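Here is the structure we will look at, set down as structure tokens.
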Amino acid sequence: MRAGLLLHFYTQAVLGARSVAPAMSKANLPSKVCVVCNRPFTWRKKWERCWDEVSTCSKRCNGERRALNRHDRKLDADGSQSDEGPDAGESERGRASAGGGERARTAAPAGERSPDGGDGSERSSERAERKAAKLAAKEKRRLVRSGGDPTVGQKPCTLCARSVDLLIRCRTDESGEWRMVCGRCWKLPTVANGVVDGDPGTNPNYKYGGLWKNQHASK
């Protein structure tokens with residue numbers, strides 16, 4: 001009997017302590033801006049141990065980010081192969097298919113061949129265009145890594161159309177439409193007047209919605 005009473009009092013004490021434990025206010029939760037959809041998102045319990053590494057707001061955005069990374073790695077690999085020996089690779093493939101191509105041109109009807117006999121010129125042109133596109137993409141990434149092109153990855157301001165590395169997502173009028181505003185326009189009285197939470201005296205419709213940063217910008 002005494003053991004049962006002790007267990008009852010202990011259980012009530014534990015439940016009472018839990019009921020008065022302070023809960024974290026949602027207003028105090030840290031937030032970030034998703035690198036894929038540029039929308040703000042707040043801290044969640046499942047990110048407690050990896051919050052510093054989280055850069056996307058959902059599984060969908062995380063999947064898109066991984067797909068883009070895989071695509072970039074594939075382009076890097078293709079570009080490296082082209083740099084190591086594009087001429088050698090093309091000549092080897094050309095020699096391997098030369099006999100078959102010649103036999104096909106000989107066996108093909110006269111109406112299916114071009115006037116100059118070069119029925120493979122179109123395919124060669126397509127290969128050259130693909131190779132040029134890969135090399136251009138690789139050169140662009142090289143400029144980003146070396147800091148040679150500071151405009152890569154920038155986005156335009158909704159109000160002044162100036163491309164920058166940092167934009168403030170906010171509402172500025174009664175329409176409630178979200179806009180991406182640069183720091184210069186953010187200081188205007190018609191936007192936030194340079195006040196973090198907005199200036200109700202100059203624009204009562206202002207509402208802050210997060211930040212966007214250019215991930216390619218040189219540190």
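Applying a threshold of 6 Å to beta carbon distances and a minimum spacing of six or more residues, or different chains, the list of pairs starting in region 27-51 at a residue that is of a type in the set (A, V, I, L, M) and ending at one that is surrounded by 14 or more Cβ atoms within 10 Å (Cβ to Cβ) and assigned to a strand (DSSP E or B) reads VAL33/PRO40; VAL33/GLY210; VAL33/LEU211; VAL33/TRP212.
Have a look at ASN69, ASN62, ASN38 and point out the one that is modelled with pLDDT of 80 or more, more than 30 Å from LYS131 (Cβ to Cβ), under 14 Å from the mean Cα position of the chain (by Cα) and assigned to a helix (DSSP H, G or I).
Working: ASN69 fails: more than 30 Å from LYS131 (Cβ to Cβ); ASN38 fails: assigned to a helix (DSSP H, G or I).
Exactly one of ASN69, ASN62, ASN38 is modelled with pLDDT of 80 or more, more than 30 Å from LYS131 (Cβ to Cβ), under 14 Å from the mean Cα position of the chain (by Cα) and assigned to a helix (DSSP H, G or I), namely ASN62.
Please work out if ARG44 is under 30 Å from LYS134 (Cβ atoms) and either in contact with a strand residue (DSSP E or B) (Cβ under 7 Å, 6 or more places away or on another chain) or at pLDDT 85 or above (or both). Spelling it out, it is not the case that ARG44 is under 30 Å from LYS134 (Cβ atoms) and either in contact with a strand residue (DSSP E or B) (Cβ under 7 Å, 6 or more places away or on another chain) or at pLDDT 85 or above (or both).
The values are calculated or read from the model by the stated rules, or taken from the named source; none is laboratory data. Quick caveat: nothing in here was measured; it's all calculated off a predicted structure. Neighbour counts are summed over all protein chains in view; Cβ atoms, including those assigned to glycine, are modelled from backbone coordinates with ideal geometry.
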